[in-house]
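Reviewing the structure listed below.
Just so you know, all these numbers are worked out from the coordinates, no wet-lab data involved. Note that the coordinates shown come from a computational prediction; the quantities given were computed from them, not determined experimentally. Ideal geometry is used to build each Cβ from the backbone, glycine not excepted, and the neighbour counts take in all protein chains shown.
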Amino acid sequence: MIVLGIETSCDDTAAALLQDGKTILANVVSSQDSVHGPYGGVVPELASRQHIQNILPIVDGALKNAGAKLADIDGFAVTYGPGLVGSLLVGMSLVKGLSFRSGIPFVGVNHLEAHLLAIHLEHDVQYPYIALLASGGHTLLYLVKGVGEYVHLGGTRDDAAGEAFDKVAKMMGLGYPGGRIIDNLAKTGNPKAVRFPRARFKNSPYEFSFSGIKTSAWHYLKDQGEAQWQARQADIAASFQEAVVDMLVNPTLRAALAHGVNRIVLSGGVAANSRLRAKMAEKGGGEGIQVFCPAPKFCTDNGAMIALTGYHWLKRGRHDGYELSADADLTL
Ligand code: KG4
Ligand code: ZN
């Protein structure tokens, strides 16, 4: 079965062709970083306009890379939430149109579920596993027992981890999206230079909070003065990153130990962070827990994870109808 997966939930326009849930025939992504960069964050109206411009060339490119025609596709998979409603509608409208014209079925995919399953694009991970999903919009912890069997363990009480990376990078004038920039800058910095606070909830061991560290970074930069902190950018980036990584690693490890699960899977854009991957592997390894991370291109938004998730549901016989609408606040 060949599935064409389409993702337009935020600021990446992506399409992929996946065969039998295993072989990636094509995976094409067009990011809009240069469009949103000057604003330091995603501007929804610009994102949907950009998707309209990008979507047909991206889908054509994916078909061409795979050496396939539309008639070779057995099913379409498209993100229907959560995300920016205008952005979601671009992918959904295209897929509904293609499905109507060709008679090929389609399924709507939950973007969060796709991140949780992305690991299976490259690794043969057995169930159950504890999955940390950390992206620009979400920070969630799940016990994953199988496809469609997700036990929500906790999440952030305020901001997402990726948002904290992006906002602190913006405060420091580093550019957008900030996660990868801070990750690179931190490589030459001292993670112990500044002691940023680590939020922890005694009675809610699987919950996260990143608004405090954002405020703390803002005060630190203000108190230091620009000339001072400009000279210590790498140290500040490394110290901030270390605090965020600790706040992600500790609840995830606690969840694995408490549930007696010896596999941890990282997912979402923040899972591309080199320090998070290293520290999770080191601390997990110390407890006999195996840690799996998708390649960075499968951590950030991509069409392959949408195609994979769609494949599982199409295989189970699910076909969605044209009445399916975008759901900006879809949960899992
Ligand atoms: O999953 P994703 O592509 O989109 C959402 O669904 O939100 O995640 C994007 C987020 C951004 O906040 C970005 O700064 C962050 O992932 N990110 C990183 C890294 N690469 C991307 N954060 C930390 N370190 C990275 N290397
Ligand atoms: Zn995402």
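Quick check on my filter: what residues within the stretch 257-291 are within 16 Å of ligand 2 (Cβ to nearest atom) and not in a helix (DSSP H, G or I)?
We begin by selecting, within the stretch 257-291, every residue within 16 Å of ligand 2 (Cβ to nearest atom); these are 265-273, 276.
If the condition is that a residue be within 16 Å of ligand 2 (Cβ to nearest atom) and not in a helix (DSSP H, G or I), then Val265, Leu266, Ser267, Gly268, Asn273 are the ones that fit.
Report the residue count in the stretch 146-158 for those that are closer than 21 Å to Glu207 by Cβ and surrounded by fewer than 21 Cβ atoms within 10 Å (Cβ to Cβ). Of the residues in that region, 7 qualify. Across the stretch 103-143, what is the number of residues that are surrounded by fewer than 23 Cβ atoms within 10 Å (Cβ to Cβ), away from ligand 2 (no atom under 16 Å from the Cβ) and hydrophobic (A, V, I, L, M, F, W, C)? Selection size over the stretch 103-143: 3.
Scanning the stretch 1-35 for residues that are over 30 Å from His120 (Cβ atoms) and within 16 Å of ligand 2 (Cβ to nearest atom) gives no hits.
I need a count of the residues in the stretch 186-216 that are in a loop (DSSP other than H, G, I, E, B) and aliphatic (A, V, I, L, M).
Residues that pass the stated criteria total 3.
Checked across the stretch 217-230, the condition of being within 15 Å of ligand 1 (Cβ to nearest atom) and either farther than 28 Å from Ser31 by Cβ or in a helix (DSSP H, G or I) (or both) holds for at least one residue. Of everything in the stretch 263-318 that is of a type in the set (D, E, K, R), within 16 Å of ligand 1 (Cβ to nearest atom) and more than 18 Å from Ala14 (Cβ to Cβ), the residue that is farthest from the chain's Cα centre (by Cα) is Lys279.
Screening the candidates Val35, Val42, Val28, Val78 for the property of being in a loop (DSSP other than H, G, I, E, B) and not aromatic (Phe, Trp, Tyr) yields one hit, Val42.
Checking the structure you have, find out if any residue of the stretch 39-52 is within 26 Å of His123 (Cα to Cα) and either within 18 Å of the chain's Cα centre (by Cα) or in contact (Cβ under 8 Å) with a residue 40 or more places away in the chain (or both). No, the stretch 39-52 contains no residue that is within 26 Å of His123 (Cα to Cα) and either within 18 Å of the chain's Cα centre (by Cα) or in contact (Cβ under 8 Å) with a residue 40 or more places away in the chain (or both).
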